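The values are calculated or read from the model by the stated rules, or taken from the named source; none is laboratory data. Remember, predicted model here, so these are calculated numbers, not experimental data. Here the Cβ positions follow ideal geometry from the backbone for every residue, glycine too, while neighbour counts run over all protein chains shown.
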Amino acid sequence: MEESGFMFDPPSDEEIEHELHDQTEEEDDDEEEKQTLGHKKSQSPWDFASYSESVAEEHARRSTTSVDFKISKALQHRSTPLPNLAEDEEASDSEPDCQEDYRSEDGVDVVNTRAGGSKQFFASSEGASFHANSFMELNLSRPLLRACEALGYSKPTPIQAACIPLGLTGRDMCASAITGSGKTAAFALPTLERLLYRPKRAPAIRVLILTPTRELAVQVHSMIQKLAQFTDIRCCLVLGGLSTKTQEAALRSMPDIVVATPGRMIDHLRNSMSIDLDDLAVLILDEADRLLELGFNAEIRELVRLCPKRRQTMLFSATMTEEVDELIKLSLNRPLRLSADPSTKRPATLTEEVVRIRRMREVNQESVLLALCSKTFTSKVIIFSGTKQAAHRLKILFGLVGFKAAELHGNLTQTQRLDALELFRKQQVEFLIATDVAARGLDIIGVQTVINFVCPRDLTGYVHRVGRTARAGREGYAVTFVTDNDRSLLKAIAKRAGSKLKSRIVAEQSITKWSQIIEQMEDQVAEILQEEREEMALRKAEMEATKAENMIAHRDEILSRPKRTWFVTEKEKKLVAKEAKASVEKGKSSGNQVISAQEAEDLKMKEKRKREREKNLPRKKRRKLEAAREQLDDENDFEELEGNGKSKKEKAGISLVDLAYRRAKAVKAVKKAADAGKIVVKKGKKAKRPSQTSQSRTDEMRELFQSEMSEKKQKRNLHGGGKKKSSFKSKSRYKRK
């Protein structure tokens, strides 16, 4: 693959003329970029619009309307007009926002802990160079050099200069660099170079690239297609939200590269025929630290298990984990640890600001945001909210006050999510209101400001959020709303930013004005949300009716299909998410999170194995077990109502199986003795026992034990008592003799 004496030929006269022609065209029209060799396309490497149908077509097919349509309808029926915003802005200029240096309230530093012993696991990276003057020095083939030139890449970034030569040799690596440093090209170029020498007569899936979010997968796929435009390498996109049948057909054609999200890839490997990873040569995890966290951990381990052991594995992220155990699970072979610009973890062109939201001002947080967006940050702004519902409410508020905004979160369809990104990329909207779906990897050129409307959970999330701006040497602003509950994160941000952290104070008059405007719009917001709920209920009813019609018309065909299997069900996903949330609330250190994640996975597997064992029990035992469990549930419910919690500690020590066996044994012994006439069962006592629900569990077990002992005594006295006496005498006589 890599030859030391390999030399590239100088460009031909035709290429030079074409380059001059491109330069003249760029001078005539700066907005259009022409690619070499007559390919006229693409203003940037990203193209989100070509992956799905338009939003208008989707709404027409689903018989729904967009949020913008509902907002415009609400504006038409508005009874009381809002105050003139332009006049209010002029009046509020007398009290403008001010910016000052941030002063920490207490000088407590955040200790940066690193996992010990990681250097022993990683191979030595001595000799890796982080500097190259051009891509020709990195031993890339001419088709890839042409693609780099068409995309405007002239000089490799430090992470690209270090990773491309090592990636060509097939080494495993864990690479990290600041956001916006070109990590996608750092793993795409060596992979494409290796694929140029693949055996073309035997098509197979040779490269698998995994990403945590769908939008990032679309972006990586678009980037690889642009880099491979002058080669015969084929790339396939596999992610949720798009057509399964189309993806299945594309996978059966055996593309060279598959860019996927973990869940949909496992779905195809389990349920689609003739799809496997037996010939995989390269496995790449983009945003690897997120893929190794709780939500993706089990799925990544399953995919790694299905991959061949002899492969190249590359991990890339801006905040790479150093937990050795997690890396060993991925079976890396002496990987190289590469970190470009380790001393500069924050971009030099980034200006970081905080807005302190005091406890009495938390109600007016939306007013503070609107005040900033109306006066200070008016265009090319990404706003990160905490939840999907909060993002949707902000979208409605922005639309009602006349701001052009798009929303991006998990409650939208994939078509709507990609359309929102395309609108923001083309600057048809000024604000993109998003959850953490947009926090990782997305490279949207021209983002000037990132506003954290809700603080992220930890410093890692903060680094990825603010990394959407100030990319590739451009300037950018990051504004974070900090409440009194976010003091620990504020200390970490202050330590990371140093003396460059600023504190912004929003004018009181502006906040009061926007609070009154929001209060006037509350009825319209409620009407829009109610209309959406009714539309959703109608849509669900239509789907159920369509499903029933299909079952009646095509019953035989539907039942003849093989049943789809799932690696993780929705119930188990919710359980894992609940465990993750609990672990974050208990302790926010990274070590605790990894341990709790592993424990959650173990608990889930333990419950699954327990259910499988219960299914394999005989029918009699299974029924007794179910009856015992129901009785225990009834007792617990009654004790909760009565407020009797005396025997909680004793309950925890007895398993359900033991209790069922004990009760079955006692009932069987009593019945046998009653049939033999050895004991007389009192009917009054029998009728009493079910009514004694208030009796505690310990008393009930004690009564069972005493009844069992009394049965043994009666058995000893009634049956064979004389024999025992005579045998004792015979023994005594034998001893006397």
Considering residues of the stretch 450-472 that are more than 19 Å from His409 (Cα to Cα) and charged (D, E, K, R) only, the residue surrounded by the fewest Cβ atoms within 10 Å (Cβ to Cβ): Asp458
Close pairs from the stretch 482-495: first under 11 Å from Cys455 (Cα atoms) and in contact (Cβ under 8 Å) with a residue 12 or more places away in the chain, partner acidic (Asp, Glu) and assigned to a helix (DSSP H, G or I), Cβ under 8 Å, at least 6 apart: Thr483/Glu362
Test: residue in the stretch 176-185 that is touching a strand residue (DSSP E or B) at 6+ places or on another chain (Cβ under 6 Å) and farther than 22 Å from Ala128 by Cβ: no
Residue within the stretch 175-193 that is touching a Leu at 6+ places or on another chain (Cβ under 6 Å), at negative phi and at pLDDT below 95 present: yes
Subset tally (residues that are surrounded by 22 or more Cβ atoms within 10 Å (Cβ to Cβ) and of a type in the set (Ser, Thr, Tyr)) for the stretch 149-180: 3
Sole exception among (1) under 25 Å from Leu412 (Cβ atoms); (2) touching a residue at least 40 places away in the same chain (Cβ under 8 Å); (3) crowded, with 20+ Cβ neighbours inside 10 Å; (4) not aliphatic (A, V, I, L, M) for Gln247, by number: (2)
Residues located in the stretch 130-150, provided they are at pLDDT 90 or above and among the hydrophobic types (A, V, I, L, M, F, W, C): Phe135, Met136, Leu138, Leu140, Leu144, Leu145, Ala147, Cys148, Ala150
Of all residues in the stretch 426-449 being of a type in the set (D, E, K, R) and either touching a strand residue (DSSP E or B) at 6+ places or on another chain (Cβ under 8 Å) or closer than 18 Å to Arg465 by Cβ (or both), the one that is surrounded by the most Cβ atoms within 10 Å (Cβ to Cβ): Arg440
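Residue-wise test of (1) at pLDDT below 95; (2) not in a helix (DSSP H, G or I).
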{"site": "Leu280", "(1), (2)": "no, yes"}
{"site": "Ile284", "(1), (2)": "no, yes"}
{"site": "Arg290", "(1), (2)": "yes, no"}
{"site": "Ile300", "(1), (2)": "yes, no"}
{"site": "Thr319", "(1), (2)": "yes, yes"}
Failed criterion for Gly127 (all others in (1) at pLDDT 90 or above; (2) within 29 Å of Ser331 (Cα to Cα); (3) of a type outside the set (Val, Ile, Thr); (4) not in a helix (DSSP H, G or I) hold): (1)
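Of the residues Glu639, Glu630, Glu635, Glu601, only one is within 30 Å of Trp566 (Cβ to Cβ), surrounded by 12 or more Cβ atoms within 10 Å (Cβ to Cβ) and at pLDDT 60 or above; which?
Of Glu639, Glu630, Glu635, Glu601, the one residue that is within 30 Å of Trp566 (Cβ to Cβ), surrounded by 12 or more Cβ atoms within 10 Å (Cβ to Cβ) and at pLDDT 60 or above is Glu601.
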Conditions (1) under 18 Å from the mean Cα position of the chain (by Cα); (2) more than 18 Å from Val381 (Cα to Cα): number failed by Lys491: (1)
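So for the stretch 369-378 (the condition being assigned by TED's automatic domain parsing to the domain that holds Arg356 and touching a Lys or Arg at 6+ places or on another chain (Cβ under 6 Å)), does at least one residue qualify?
no
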Failed item, numbered, when Gln389 is tested on (1) closer than 29 Å to Ala526 by Cβ; (2) more than 19 Å from the chain's Cα centre (by Cα); (3) without any contact (Cβ under 8 Å) to a residue 40 or more places away in the chain: (2)
Residue match in the stretch 177-190 (condition: outside any helix (DSSP H, G or I) and polar (S, T, N, Q)): yes
Close pairs from the stretch 302-318: first free of Cβ contacts under 8 Å to residues at least 60 places away in the same chain, partner in a helix (DSSP H, G or I) and surrounded by fewer than 22 Cβ atoms within 10 Å (Cβ to Cβ), Cβ under 8 Å, at least 6 apart: Val304/Lys329; Leu306/Leu269
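Does any residue of the stretch 694-714 turn out to be more than 21 Å from Asp658 (Cβ to Cβ), at pLDDT below 65 and either in contact with a strand residue (DSSP E or B) (Cβ under 7 Å, 6 or more places away or on another chain) or in the same structural domain as Lys624 (by TED's automatic domain parsing) (or both)?
Our first condition is that a residue be more than 21 Å from Asp658 (Cβ to Cβ); within the stretch 694-714, this holds for 694, 710, 713-714.
Subset that is at pLDDT below 65: 694.
Of the ones still in play, those that are also either in contact with a strand residue (DSSP E or B) (Cβ under 7 Å, 6 or more places away or on another chain) or in the same structural domain as Lys624 (by TED's automatic domain parsing) (or both) are 694.
Scanning the stretch 694-714, I find at least one residue that is more than 21 Å from Asp658 (Cβ to Cβ), at pLDDT below 65 and either in contact with a strand residue (DSSP E or B) (Cβ under 7 Å, 6 or more places away or on another chain) or in the same structural domain as Lys624 (by TED's automatic domain parsing) (or both), so the answer is yes.
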Residue match in the stretch 380-387 (condition: more than 19 Å from Val466 (Cβ to Cβ) and assigned by TED's automatic domain parsing to the domain that holds Arg78): yes
